[in-house]
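Notes follow the structure.
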Amino acid sequence: MGPEAAEALLQQLRPKGIFGTSRGVSLVGDALETLRTLPPNTFDLVVTSPPYDGQPRYGDGERYDRDWYEGYFLDVTREVHRLLRPRGSFVLNYRSKRGGSERGTLQYELVFALRRQGFLFCEDFVWGKPSPPPGRFRRFLKDAVEYCYQFAKTEDWQFFPEQCLLPARWDAKDRARRRALPQNYVRVSEPSGQGRRRALAGPDLVRPSTLLLFEPEFAKNPTEHPARFPVELPEFFVRLLTRPGDLVLDPFAGTGTTAVAAERWGRRWVLCEADARYARGLPARLETPRLRPPLATAGRRAGPRTRHP
């Protein structure tokens with residue numbers, strides 16, 4: 001979907017939304033019902049974190065159990081596949097909980113289920129939390145990681161690592177070691193016919209790895225949402241997998257963190273959230289100046305690395 005078609009879709013959705021900006025719209029309603037109303041081949045990126053297994057449902061006393069994932073959730077991902085553009089990606093943040101003495105395996109089973117739906121399993125990223133919540137877990141340690149699985153619709157999925165470059169962490173001793181490595185030398189043909197060797201010390205900016213070190217979300221939580229992720233998490237995938245003006249969807253949007261990331265880097269966005277209490281928290285979040293760095297930095301390098309208390 002080009003910029004004109006994306007803007008036309010947003011214009012169509014804004015009257016139905018609870019909140020909107022010039023770049024996006026937030027809808028309140030059932031995710032599956034909402035996605036079924038949207039046209040195919042629409043979104044460049046879908047990034048979301050559905051309710052975790054065992055988590056209580058909204059106000060009805062029930063819990064999200066295995067049947068919910070094997071039924072409703074896979075119906076949602078089937079719609080996600082339909083809605084993705086051919087070069088688009090779907091990023092799923094999910095971590096199975098423990099059940100007694102065993103870690104749940106649903107996080108791995110979902111990978112195979114989505115492959116059966118036609119998704120390509122492109123990559124798994126590990127979100128490492130330097131300061132995980134404290135607790136006493138009998139024979140277990142503190143749970144400091146979650147997973148972000150990247151899926152795509154075709155092998156030609158778009159990828160922009162140059163928008164996520166980070167400063168190389170090489171000190172003087174390491175640079176000297178790299179100069180000595182044979183693969184860091186190239187032959188240079190001089191006019192005199194003498195071949196000279198030129199050492200390459202390495203670039204100042206390098207691609208990030210699949211280990212994402214972000215603190216959990218410690219900011220104020222006026223909506224009391226039970227499981228927010230930090231804005232850096234969707235922000236990383238917005239920068240890695242889309243360009244300015246592309247269209248991003250989050251079908252389980254919570255307090256709108258994906259929209260904050262999209263606004264920050266000049267992407268269009270559509271959110272869907274079942275609970276209006278959580279969706280109403282987005283306008284205040286978008287008014288926070290520190291969440292909106294100059295867009296001129298987008299696409300050049302990693303951009304400002306804002307820390308969110």
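Just give me the residues in the range 98-143 being among the small types (Gly, Ala, Ser) and either surrounded by 15 or more Cβ atoms within 10 Å (Cβ to Cβ) or not assigned by TED's automatic domain parsing to the domain that holds Gln158 (or both), in sequence order.
Initially, the range 98-143 is screened for residues among the small types (Gly, Ala, Ser), giving 99-101, 104, 113, 118, 128, 131, 135.
Those that are among the small types (Gly, Ala, Ser) and either surrounded by 15 or more Cβ atoms within 10 Å (Cβ to Cβ) or not assigned by TED's automatic domain parsing to the domain that holds Gln158 (or both): Gly104, Ala113.
So, of the residues in the range 230-246 that are touching an Asp or Glu at 6+ places or on another chain (Cβ under 6 Å) and at pLDDT 95 or above, which turns out to be farthest from Gln150 (Cα to Cα)?
In the first step, residues of the range 230-246 are kept if they are touching an Asp or Glu at 6+ places or on another chain (Cβ under 6 Å); the result is 230, 242, 246.
From what is left, the residues that are at pLDDT 95 or above are 242, 246.
Working: Thr242: 13, Asp246: 17 Å.
Filtering first and then ranking leaves Asp246.
Looking only at the range 64-92, count how many residues are under 25 Å from Glu235 (Cβ atoms) and loosely packed, with under 15 Cβ neighbours inside 10 Å. Write out each step before concluding.
Going residue by residue through the range 64-92, those that are under 25 Å from Glu235 (Cβ atoms) are 73, 76-77, 79-81, 83-92.
Pick out the ones that are also loosely packed, with under 15 Cβ neighbours inside 10 Å and you get 86.
Selection size over the range 64-92: 1.
Looking only at the range 33-61, count how many residues are at pLDDT 95 or above, of a type outside the set (S, T, N, Q) and under 20 Å from the mean Cα position of the chain (by Cα).
Residues meeting the conditions: 6.
Taking Ala8 as meeting all but one of (1) closer than 23 Å to Arg243 by Cβ; (2) in a loop (DSSP other than H, G, I, E, B), write down the number of the exception.
Against the list (1) closer than 23 Å to Arg243 by Cβ; (2) in a loop (DSSP other than H, G, I, E, B), Ala8 comes up short only on (2).
For a quick check of your reading of the model, give me the residue pairs whose first member lies in the range 4-22 and is in contact (Cβ under 8 Å) with a residue 60 or more places away in the chain, whose second is surrounded by 13 or more Cβ atoms within 10 Å (Cβ to Cβ) and in a helix (DSSP H, G or I), with beta-carbon atoms closer than 6 Å and at least 6 apart or on different chains.
As it stands, the answer is Ile18/Ala279; Phe19/Leu282; Phe19/Pro283, since those pairs meet every condition given.
Kindly evaluate Tyr185 against the criterion of being modelled with pLDDT of 90 or more, of a type in the set (Ser, Thr, Tyr) and either in contact with a strand residue (DSSP E or B) (Cβ under 8 Å, 6 or more places away or on another chain) or within 30 Å of Trp265 (Cβ to Cβ) (or both). Steps first, please.
Details: modelled with pLDDT of 90 or more: no; of a type in the set (Ser, Thr, Tyr): yes; either in contact with a strand residue (DSSP E or B) (Cβ under 8 Å, 6 or more places away or on another chain) or within 30 Å of Trp265 (Cβ to Cβ) (or both): yes.
No.
The values are calculated or read from the model by the stated rules, or taken from the named source; none is laboratory data. All values derive from a computational prediction rather than experimental measurement. Note that we place each Cβ from the backbone using ideal geometry, even for glycine, and neighbour counts take in every protein chain shown.
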